[in-house]
Amino acid sequence: MDAWEGFEEGYARTRHGELFYRHMPSGGRRVVFLHGVGARIGTWRPLIPHLHKDIDAYMVDLLGHGNSDAPDIDYSITVQVDSVSDMMENLGIGQPVVFGNSYGGWIGGLLAAGGKLGGLVLEDTAGLDYYINGFADEGKLEGYKASLLRELMGLGFNSQKVMESIVGNLQKSMLTHEVLSAIKCRTQVIWGSNDRVVPIAIGERLRDLINGCAFDVVDGADHVPHFSKPEEVGRILGRFLGLIR
């Protein structure tokens, strides 16, 4: 069976360009899924069979990724936040839950801090200032950026110009203590026990800094638990949304 059966395709206008999305309407709880840097909405395919039928899912290609526009601009994280915010407004998606993996979680955290979300799921999230500044403090940030860029370009389908801009902006608008303290919506953190990209200690720190945050470790999962352990992630999401016990 085609994983995308029943999904509608469309483009949403934003101030920076059009975002491509796939939408599975259900009339239930609206969840916007944001992938990691260098990825695209195809990363969600393994999770789809494990999503509760009452989830009204929007899966989005971020600006500069997949089938979305890739304008010649500076790809700061705030550009991505503005684009997703515009998409939600133009599609009439008010106060959704955002499920963000890695870079997508960074975007979700900033949206939540701005009061735009009804719920937040952070999966192996990037952007925590404590983590990024740690590389800078050790004099390893430029090496980390170079390694990350090589990895992103090694995937074979990313624009070098876009990826260079994203990597170059890693120290802007990070998830600081102040930002995380501003998150008032219900929040769930999910982390892969075998994440070699962003260590589980960062997930634990997010749990401690976000008031009332729930925290689940997915045993055996890597940096993208929804891909490597989709059934378990689907169960955690369903429980967080109150759709399963």
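General observations
- Test: residue in region 112-123 that is of a type outside the set (Lys, Arg), part of a helix (DSSP H, G or I) and within 26 Å of ARG22 (Cα to Cα): yes
- Looking across region 192-237 at every residue that is closer than 18 Å to TRP106 by Cβ and among the small types (Gly, Ala, Ser), the one that is surrounded by the most Cβ atoms within 10 Å (Cβ to Cβ) is identified as GLY192.
- GLU232, sole failed condition from (1) farther than 19 Å from ALA113 by Cα; (2) out of contact with any strand residue (DSSP E or B) (no Cβ under 9 Å at 6 or more places or on another chain); (3) without any contact (Cβ under 8 Å) to a residue 24 or more places away in the chain: (2)
- Scanning region 147-171 for residues that are in contact (Cβ under 8 Å) with a residue 40 or more places away in the chain and among the hydroxyl-bearing types (Ser, Thr, Tyr) gives SER159, SER165.
- Qualifying residue in region 138-146 (condition: of a type in the set (A, V, I, L, M, F, W, C) and either surrounded by fewer than 20 Cβ atoms within 10 Å (Cβ to Cβ) or under 21 Å from VAL81 (Cβ atoms) (or both)): yes
- The requirement of being free of Cβ contacts under 8 Å to residues at least 60 places away in the same chain, over 23 Å from THR187 (Cβ atoms) and buried (at least 23 other Cβ atoms within 10 Å of the Cβ) is not satisfied by LEU19.
- Considered as a group, the residues in region 172-191 that are among the hydroxyl-bearing types (Ser, Thr, Tyr) and free of Cβ contacts under 8 Å to residues at least 60 places away in the same chain include one that is surrounded by the fewest Cβ atoms within 10 Å (Cβ to Cβ), and that residue is SER181.
- Selection status of ASP61, more than 21 Å from GLU123 (Cα to Cα) and either under 14 Å from the mean Cα position of the chain (by Cα) or acidic (Asp, Glu) (or both): no
- Residue within region 73-85 that is in contact with a Gly (Cβ under 7 Å, 6 or more places away or on another chain), touching a residue at least 60 places away in the same chain (Cβ under 8 Å) and polar (S, T, N, Q) present: no
- Subset of region 164-214 [hydrophobic (A, V, I, L, M, F, W, C), touching a Leu at 6+ places or on another chain (Cβ under 8 Å) and more than 24 Å from GLY64 (Cβ to Cβ)]: LEU180, ILE183, CYS185, VAL189, ILE190, ILE202, LEU206, LEU209, ILE210, CYS213
Values in this text are rule-based calculations from the coordinates and carry no lab data. Computed from a prediction, not measured in an experiment: that's the story for all the values here. All Cβ positions, glycine included, derive from the backbone under ideal geometry; neighbour counts span all protein chains shown.
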